[in-house]
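In what follows, a structure is listed as structure tokens, so that the remarks can point back to it.
The values are calculated or read from the model by the stated rules, or taken from the named source; none is laboratory data. All figures in this text were calculated on a predicted structure; none of them were measured in a lab. FYI the Cβ positions are ideal-geometry reconstructions off the backbone, even for glycines, and counts take in every protein chain you see. With ligands, DNA and RNA removed, areas are computed over all heavy atoms of the protein, side chains included. Shrake-Rupley method; radii C 1.70, N 1.55, O 1.52, S 1.80 Å.
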Amino acid sequence: MAPRKRKGSSSASVVGAGGDGPTRAKRPKLEQLKQVELMDLPLGPLHLIISKVDPDKQHILRHASNQLKVEHSDCMLHSYKSFANFHLRQQHGNDDQNMRNFVMQVLAQSTDYFINSGYDAIFTGKLMKFYKQLTTGEEAIDVTQMHQFLHEFYHNLEWTPAEWPKGAAARIRLNQRRLVQTMTLLNLLRQFRKFRVVSSAMNLMHWQLQLEVLGVHFGIQEKDTIASEEEKLFDFLTIIAELLVFDKAKSNVSRFIEIGTSVYVYGLKEQTLSARCPKLSLKFSVLAPVALRALLEDVINGKVDMTKAVRCPLVDTFSIQLEVKSRQVNLWGGNSRMEICIVPLH
């Protein structure tokens, strides 16, 4: 007696077996799926993926391609502005909250001219260090972090353009950066509560602008290596930004720190007007067209829109010199006078 075949054991019913029986199953042909690249995604999902990457790994995305670098910068800038706008809307809170708000306000005032004038990629490149604080709101940048961030940002502004061509093109780029840096400095100074314009007048071909901030003292002591003009400018910009935070908070502060090849002593002291009150005096000597001088005056008067790009006039004759003097109660071994050549005359 022949053994009983089990149901479904026929060779014709096995997928892929030989034979042409009517019960043979056909293997479906699977279409090859197209590989989806990261940059093929819409901006929303792409930025969401970028935001989920660990801050320490952000530089990998940023350097994967030029296109991804642009999208990463846009994502970081959007996160920063959203977080900054939240703090700028905060009016009152406890002391810690108020100090964080002041830091974010000064950070915006110290960088907005640059961000909107084409230096946003350099800004967001340094912003990765504070990505978690800015995107999650778990923690805001404090004064010390702001100081370090701004100094590195200003330094990168100077050395990143090394690949730019020499000659006239390089000179135009330099003038652009120096103008934005000067406007940023003036914008910060005008916000001090005891700031005033001492004089503004023409002296032969130069425009002489004298400013004064009461309650601020400043001194510098250079070591064996003399600091460059760029380094002094970056240091001074950063120090003024830091002091403005404490001025907004109405807090006394005294600093003695080493930055690069220089040691600085500076501070802010609430005092009544007297002969012993600390005072910071600044004298700008500007050789430039009337339109550029008018632009700087508008900055002092708060009439320049920080959301628009700064356009530097294309001129051959353009120079800005700055002399800083400090009157302070307790002098130290350093120098209370510093000169900075912001834009040299070529």
Legend entry - Residue-normalised accessible area of the stretch 189-346, given per residue in Å² at a 1.4 Å probe: 49 Å²
Legend entry - Point-to-point label distance, residue 60-residue 86, nm (Cα→Cβ direction, 7 Å offset): 2.7 nm
Inset, instruction - Among the listed pairs 69/223; 232/279; 57/248; 126/283, give every one whose C-alpha distance is greater than 29 Å. - result: 69/223; 57/248; 126/283
Inset, instruction - Under 20 Å from a label point 7 Å along Cα→Cβ of residue 70: give me every residue in the stretch 108-127 with its amide N that close. - result: 115-126
Inset, instruction - Please give, to one decimal in nm, the separation of the simple spin-label points placed at residue 159 and residue 204, each 7 Å out from Cα toward the Cβ. - result: 3.7 nm
